[in-house]
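Let me begin by presenting the structure, written as structure tokens, before commenting on it.
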Amino acid sequence: MATTAFRLPLLLIVATLLAAVTALAIVAGSWFPLALVACGAVAAVVVIVALAAWLFRGVRHGEERLVARNRQMAAVQLAATSLSTESEMRAILDRTVELSREITGARYGALAVRNADGSIAEFITSGISDENRQQIGHPPIGRGLLGVIISQSTALRLPDMTADPRAAGFPPHHPPMKSLLGVPITWKAATIGNLYLTDKVTGETFSADDEEMLTIFAAHAAVAVATATMQRDTRALAVLRERERIAMDLHDGIIQSIYAVSLGLDAVAEDVVEDPPRARDGLETAIEHLDGVIRDVRSYIFELKPAQLTEDLAASLVNLVADFRVNSLVDASAQIDETLPSLSEVQRLGLFHVAKEALVNARKHANATSVILSLSARDGMIQLDVRDNGRGFDISPSVSAEHRGLLNMASRAREAGGTFSVVSAPGSGTTVTMVIGTDSEAEA
């Protein structure tokens, strides 16, 4: 090819000189023999034909290169589309290596996933059998030419990697490889991996077009990897939030109900000897409440809300206070507006759980003898207050941050689109308040 390219310009030069001589002969008339004139004319024709052939060959070569480039670009787009359908990280990495080989026509391919410090966390191969991979043994650790691509984070294209002084050689049982094309996979200026391709199936070396196409595909692969990472993190965050929600429901509902039963059993223990009939009644009451706990557990599992909470929030709170009064022997009362506006489920759930937690805290921590629960509606707002005459406590931020119940109540209020506050001091009782707007949109 090079020899032909060299001969064609040389032929054009000779033919051009002969054409020039012919022109001089025509001008000079009889000074030049007729044979020389004829020779020059032939040379002129040769110039025209050769020039046309040269131009045609150049156009044809350009068209062939353009067709090949378009075909390769289409392969990149198809590969990128195929890669975008994957959601699991390992599947994306495996497909990235396979599609890279298809785009460039490479016999072998590999993808090195990098740690934050630049070391290789995982080395995925394609084109090498599992048996051969086991024979090779430990994957590379980033020396030689692989280390060059890792450290420089730039593309590397070599016709013969074995001749490069930076090459570290191959381990035993490694298949022979000659040409190399490597590109980094970069996302937001950070290199998250590197693609390595060796030996085209056709026996040719990797071209500049191969490098360009692989670089474009690596950008698509980076997007796919980043998307999969964000989806994985989103799923993990959703699981964490669900665990937190379940823990909050257990604390606010099941655990508090069991605690109420335990208080009743404490009273039964005192009556076993002194007043057996009363103790028997207490045991029956405890059994009934344990049955209620079981119903609550089932409700949380299947309905994701406590069984005590119904569509009628006012009636649910009245029943809650009545149960609390029976189990704790605390003088508890409910003052609820007769007409309440319609509330969303998350708002009802928030108000109910805050009320339940405040009641339990009044008995468990405050040792209160009197509790008043009030629920009022005015000026487009609904306000819940639970006031007790207990011993009160220090509501400094350091104390509040360690109180699981207070944190849960504040979280419930936020989820319902409302606010939460506590007023208390040692020896002065405690008032828990939750306020929500009746037209606020709580999270579903």
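Figures for the structure shown
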item	result
Long-range neighbours under 8 Å by Cβ, at least six apart or interchain, first residue within 13 Å of His353 (Cα to Cα) within the stretch 306-330, second among the aromatic types (Phe, Trp, Tyr) and surrounded by 19 or more Cβ atoms within 10 Å (Cβ to Cβ)	Pro306/Phe352; Gln308/Phe352; Leu309/Phe352; Leu313/Phe352; Ser316/Phe352; Leu317/Phe352; Leu320/Phe352
Scope the stretch 167-182; condition part of a loop (DSSP other than H, G, I, E, B), modelled with pLDDT of 85 or more and open to solvent by less than 80 Å² (accessible area, probe 1.4 Å); matching residues	His174, Pro175, Met177, Ser179
Filter result for Thr215 (of a type in the set (Ser, Thr, Tyr), touching a strand residue (DSSP E or B) at 6+ places or on another chain (Cβ under 6 Å) and at pLDDT below 90)	yes
Flag if Ala368 is open to solvent by less than 20 Å² (accessible area, probe 1.4 Å), under 12 Å from Thr431 (Cβ atoms) and of a type outside the set (D, E, K, R)	yes
Options Asp233, Asp164, Asp210; residue that is surrounded by 14 or more Cβ atoms within 10 Å (Cβ to Cβ), farther than 19 Å from Arg95 by Cα and among the acidic types (Asp, Glu)	Asp164
Check on Ile395, at pLDDT 75 or above, open to solvent by less than 30 Å² (accessible area, probe 1.4 Å) and not in a helix (DSSP H, G or I)	no
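For every residue, the table says whether it meets (1) of a type in the set (Lys, Arg); (2) over 24 Å from Phe217 (Cβ atoms).
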{"position": "Ile136", "(1), (2)": "no, yes"}
{"position": "Gly142", "(1), (2)": "no, no"}
{"position": "Ile149", "(1), (2)": "no, no"}
{"position": "Pro159", "(1), (2)": "no, no"}
{"position": "Ala163", "(1), (2)": "no, yes"}
{"position": "Arg166", "(1), (2)": "yes, yes"}
{"position": "Pro171", "(1), (2)": "no, yes"}
{"position": "Lys178", "(1), (2)": "yes, no"}
{"position": "Leu181", "(1), (2)": "no, no"}
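The values are calculated or read from the model by the stated rules, or taken from the named source; none is laboratory data. None of these values were measured; they are calculated from a predicted model. Because the Cβ atoms are built from the backbone with ideal geometry, glycine has one as well, and the counts that use them run over all protein chains shown. Ligands, DNA and RNA are excluded from the accessible area calculation, which covers all protein heavy atoms including side chains. Shrake-Rupley method; radii C 1.70, N 1.55, O 1.52, S 1.80 Å.
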